[in-house]
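To start, the structure itself, in structure tokens.
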Amino acid sequence: MEIQPIKTYTGKIVPLFNDNIDTDQIIPKVHLKRISKTGFGPFAFDEWRYLPDGSDNPDFNPNIPKYQGASILITGDNFDCGSSREHAAWALKDFGLNIIITGSFSDIFYINCTKNAMLPICLNKEQREHLAKFEQITIDLPNQTVSSPEKSFTFNIDETWKNKLINGLDNIEITLKYEDLIEKYEKTC
């Protein structure tokens, strides 16, 4: 999967203001049978997203027509608590989300986001509620801001992850930059 750089990004939002959304709610364990990173999107939020007969739940925000095609999730506190399954990040990415804005993340999920070219952003509740009033918002990763048509908020991100996301790099691509040195070292062993 080719990683797309995230620099200045304008996208449609979908609010889902639940606190303590865990990995089982994001991707139930029954759907963890795939061996690739793709194909999990249809199962994201499975138990909330679908009614018992398999039809779309009309009360679940991502199913509401005005939120269709959203790529930015604005959610409650303590997002992705629970087990440390990378499948949760894969499911959200495959569902079409590129940016998750919450009050707090589990540490492992935060890293899983960055490793899967998703930008995790922490903002306080007032800021998230303000952003959720708008159909689209803009994220400026180099300047670390999230903007609505009315206000702009700053967020923190580690410089290493920021650089990887801005340049569309993953750990393999970074390692391949040292391919000549690696080969040289291997010849000496």
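The values are calculated or read from the model by the stated rules, or taken from the named source; none is laboratory data. Keep in mind that what you see is a predicted model, and the values were worked out from it rather than measured. Note: ideal-geometry Cβ built from the backbone for every residue, glycine included; neighbour counts use all protein chains shown. Ligands, DNA and RNA are excluded from the accessible area calculation, which covers all protein heavy atoms including side chains. Shrake-Rupley method; radii C 1.70, N 1.55, O 1.52, S 1.80 Å.
For this structure, a couple of remarks:
- The set of residues in segment 49-70 that are without any contact (Cβ under 8 Å) to a residue 12 or more places away in the chain and either under 18 Å from Lys93 (Cβ atoms) or among the acidic types (Asp, Glu) (or both) comprises Asp53, Asp56, Asp59, Gln68.
- Scanning segment 114-123 for residues being open to solvent by 40 Å² or more (accessible area, probe 1.4 Å) and at pLDDT 95 or above gives a total of 1.
- Any hit, segment 126-143, residues being under 15 Å from the mean Cα position of the chain (by Cα) and of a type in the set (A, V, I, L, M, F, W, C): yes
- Number of positions in segment 124-145 that are part of a loop (DSSP other than H, G, I, E, B), on the phi < 0 side of the Ramachandran plot and open to solvent by 10 Å² or more (accessible area, probe 1.4 Å): 7
- Top-ranked residue of segment 146-189 - restricted to ones that are over 17 Å from Ile111 (Cα atoms) and small (Gly, Ala, Ser), ranked as surrounded by the fewest Cβ atoms within 10 Å (Cβ to Cβ): Ser152
- Sub-7 Å Cβ pairs linking a first residue in segment 20-48 that is part of a loop (DSSP other than H, G, I, E, B) to a second residue that is open to solvent by less than 40 Å² (accessible area, probe 1.4 Å) and of a type in the set (Ser, Thr, Tyr), at least 6 apart or interchain, are Ile21/Thr75, ordered by first then second residue.
- Qualifying residue in segment 63-86 (condition: closer than 25 Å to Val146 by Cα, aliphatic (A, V, I, L, M) and assigned to a loop (DSSP other than H, G, I, E, B)): yes
- Residue count for segment 69-90, restricted to those that are open to solvent by 40 Å² or more (accessible area, probe 1.4 Å) and closer than 23 Å to Leu131 by Cα: 3
- Of all residues in segment 30-89, those satisfying the criterion of being touching a strand residue (DSSP E or B) at 6+ places or on another chain (Cβ under 7 Å), on the phi > 0 side of the Ramachandran plot and at pLDDT below 90 are Asp80, Gly82.
- Residue match in segment 39-59 (condition: in contact with a helix residue (DSSP H, G or I) (Cβ under 8 Å, 6 or more places away or on another chain), open to solvent by less than 60 Å² (accessible area, probe 1.4 Å) and aliphatic (A, V, I, L, M)): yes
- The number of residues in segment 160-189 that are among the hydroxyl-bearing types (Ser, Thr, Tyr) and either modelled with pLDDT under 80 or closer than 14 Å to Thr114 by Cβ (or both) comes to 3.
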